[in-house]
Amino acid sequence: AEIAGDIETADEMRSQAIAHYARSEEYAFKALAKSEKTFKQPRTVETAEFEKALQKLKKKQVEPLFWAAYAMGRGISLQKDDPMQVIDLARVELMMRRVLELDETFYFGSAHLFYAVYYGDRSPAIGGDPEKAKEHIDYVDKLNNGKFLMSKFYLARYYAYPKQDVKLYKQALQEVI
């Protein structure tokens with residue numbers, strides 16, 4: 001809708017997506033709160049307390065932890081112009097780091113794809129690092145024997161594009177096709 005110039009429809013779709021991600025985030029944190037009360041108010045608790053709560057989580061809680069982080073992160077990405085949302089990106093990063101510590105293979109290694117975006121979608125001046133992004137993408141590729149197509153797309157979007165490597169960009173997308 002945005003590309004077609006239909007800003008009204010694009011805004012409505014974005015609002016709906018934000019609401020769905022918020023609902024998903026709420027469900028995932030509700031599951032985490034069953035074992036750790038800190039997750040009842042995850043966005044308002046002090047960062048140090050939040051980190052302590054994350055360290056208490058066990059491997060069996062990776063699923064709701066990953067989906068809470070994913071939903072929060074996607075919601076933030078749709079509201080990049082709202083500083084009150086973007087400030088919570090640090091919490092998402094802490095959660096994904098804990099997912100990697102507990103089970104870096106969960107959901108095809110998708111926490112590594114979070115880091116591909118985290119490092120590949122930012123300028124080096126603000127912490128971006130295409131080489132770190134590629135390391136995470138390569139890990140997902142290795143983990144899935146090159147059969148998880150999202151890693152190919154992420155290679156094109158978050159490594160080849162920032163590096164302006166046209167050949168790799170086309171090759172990675174061709175593999176998806």
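The values are calculated or read from the model by the stated rules, or taken from the named source; none is laboratory data. Here the structure is a predicted model, which means the values were calculated and not measured. Note: ideal-geometry Cβ built from the backbone for every residue, glycine included; neighbour counts use all protein chains shown. SASA here: full protein model, heavy atoms, side chains in, ligands and nucleic acids out. Shrake-Rupley method; radii C 1.70, N 1.55, O 1.52, S 1.80 Å.
What residue, of Ser77, Ser15, is small (Gly, Ala, Ser) and surrounded by 15 or more Cβ atoms within 10 Å (Cβ to Cβ)? Matching residue, one of Ser77, Ser15: Ser77. Contact map, the stretch 23-39: first residue within 17 Å of Val92 (Cβ to Cβ) and open to solvent by 20 Å² or more (accessible area, probe 1.4 Å), second residue assigned to a helix (DSSP H, G or I) and aromatic (Phe, Trp, Tyr), Cβ cut-off under 7 Å, separation 6 or more or different chains; pairs are Ser24/Trp67.
Beta carbons closer than 8 Å, at least 6 apart along the sequence or on distinct chains, pair a first residue in the stretch 42-58 that is surrounded by 13 or more Cβ atoms within 10 Å (Cβ to Cβ) with a second that is part of a helix (DSSP H, G or I) and among the aromatic types (Phe, Trp, Tyr) for Pro42/Phe29; Pro42/Phe50; Ala53/Phe39. Scanning the stretch 1-22 for residues that are of a type in the set (Gly, Ala, Ser) and in a helix (DSSP H, G or I), we see that the one that is nearest to Arg91 (Cα to Cα) is Ala22.
How about the stretch 1-22: which of its residues are more than 19 Å from Gly73 (Cα to Cα) and either touching a residue at least 24 places away in the same chain (Cβ under 8 Å) or among the small types (Gly, Ala, Ser) (or both)? First the steps, then the outcome.
Of the stretch 1-22, the ones more than 19 Å from Gly73 (Cα to Cα) are 1-10, 12.
Ala1, Ala4, Gly5, Ala10, listed by residue number.
Looking only at the stretch 117-132, decide whether some residue is among the aliphatic types (A, V, I, L, M) and modelled with pLDDT of 95 or more.
Our first condition is that a residue be among the aliphatic types (A, V, I, L, M); within the stretch 117-132, this holds for 117, 125-126.
Keeping just the survivors that are modelled with pLDDT of 95 or more gives none.
Looking for residues that are among the aliphatic types (A, V, I, L, M) and modelled with pLDDT of 95 or more, one finds none in the stretch 117-132, hence no.
Just to confirm my filter: which helices (runs of 4 or more DSSP H) fall fully inside the stretch 89-177 and include at least 1 residues that are at positive phi, open to solvent by less than 30 Å² (accessible area, probe 1.4 Å) and among the small types (Gly, Ala, Ser)?
Numbers: elements: 89-103, 106-120, 130-143, 149-155, 166-176.
Once the helices (runs of 4 or more DSSP H) in the stretch 89-177 are filtered for at least 1 residues that are at positive phi, open to solvent by less than 30 Å² (accessible area, probe 1.4 Å) and among the small types (Gly, Ala, Ser), what remains is 106-120.
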